[in-house]
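Contents: one structure, followed by commentary.
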Amino acid sequence: MTGFGKAEKVINGKKITAEVKSLNSKQLDLSVRLPQSYRGLELDLRNSVSKVLLRGKVDLYVFCEAIDGAAPVSVNTPLLKVYKQQIEQMSQELGIAEPSDWYATLLRLPDALKADTNPDEISDEETAAVGEVVSQAVQALVDFRTQEGNRLCGFFEEKIAAIQQLLNEVAPYEESRVEKIKARILDSLQHLEGVDYDKNRFEQELIFYIEKLDITEEKLRLQNHLNYFLETLEKGHAQGKKLGFISQEMGREINTMGSKANQAELQKIVVGMKDHLEQIKEQVLNVL
């Protein structure tokens, strides 16, 4: 979800610049900062941005600056003429000297400079230009996100393949685990002097005990989650939340396998799975 986009356009002696950046967030959190003259466009800009950027903490900035000597104000010459006449008349009536620096004196008086246009009014052409610049900046951010998403897709496929490889390594240890558990229990019984036991009952209890340690269902469910994760990756747009949920389910199956493993070799495999899965969980937060 992270990204940055920027666009500019020059119109009527003004340079309009739009910058948009986004960070990870569960929902869309959009902040918009505009010049005072563009405040009336905020609602439309919010709607256009929210249709494209569905999630993330998004900050949109729009700037407007004059270029090529264009100025938003000019000298109010007619008013300054009136000021000058009144000052000269006041000097004669009061018998005081006229100002030595007329420029500094007049330009400090109220309304010596006037705005060429109403700052709160913008033309239809400029309104369209603002919308165009914002759209271009948002598209640049989307392109950035797409590039990052392609990289993450390869990363996820690599990690899922690593977990798949570890899952395939479980079977040989699983087959030998039952015999090792049975042999360990029998060896412990032989070291108990003067203890007799019912061999049939022992076999029944042993089968029950081994069934509790069986991880066949966990393996099947984990396999299904791995396949579903890859299928969801292929579906494309706005799958981040779903990938997060799938990775949580994968974690449950791996943890259960670890609690049932009861064997050093299987425990090492489970630790390896957890390592790859944690890396997936960290990066899935960046997915839209």
Qualifying residues in segment 250-259 (those that are surrounded by fewer than 16 Cβ atoms within 10 Å (Cβ to Cβ) and not hydroxyl-bearing (Ser, Thr, Tyr)) - the one farthest from the chain's Cα centre (by Cα):
Asn255
Looking at segment 53-66 only, could you name the residues that are exposed (fewer than 15 other Cβ atoms within 10 Å of the Cβ) and not in a strand (DSSP E or B)?
Leu54
Quick check on this structure: which one of Ser50, Ser31, Ser22 is among the small types (Gly, Ala, Ser), open to solvent by less than 70 Å² (accessible area, probe 1.4 Å) and not in a strand (DSSP E or B)?
Ser50
Quick one: Leu277 ticks every box in (1) among the aliphatic types (A, V, I, L, M); (2) part of a helix (DSSP H, G or I); (3) loosely packed, with under 15 Cβ neighbours inside 10 Å bar one, so which box is it?
(3)
Whichever residue in segment 223-249 is in contact (Cβ under 8 Å) with a residue 40 or more places away in the chain and hydrophobic (A, V, I, L, M, F, W, C) and, among such residues, is surrounded by the most Cβ atoms within 10 Å (Cβ to Cβ):
Phe229
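The values are calculated or read from the model by the stated rules, or taken from the named source; none is laboratory data. Bear in mind that the values here come from a model prediction, so they are computed numbers and not experimental data. So basically every Cβ, Gly included, is an ideal-geometry build from the backbone, and we count neighbours across all protein chains shown. When the accessible area is computed, the model is the full protein with side chains, heavy atoms only, and any ligands, DNA or RNA have been set aside. Shrake-Rupley method; radii C 1.70, N 1.55, O 1.52, S 1.80 Å.
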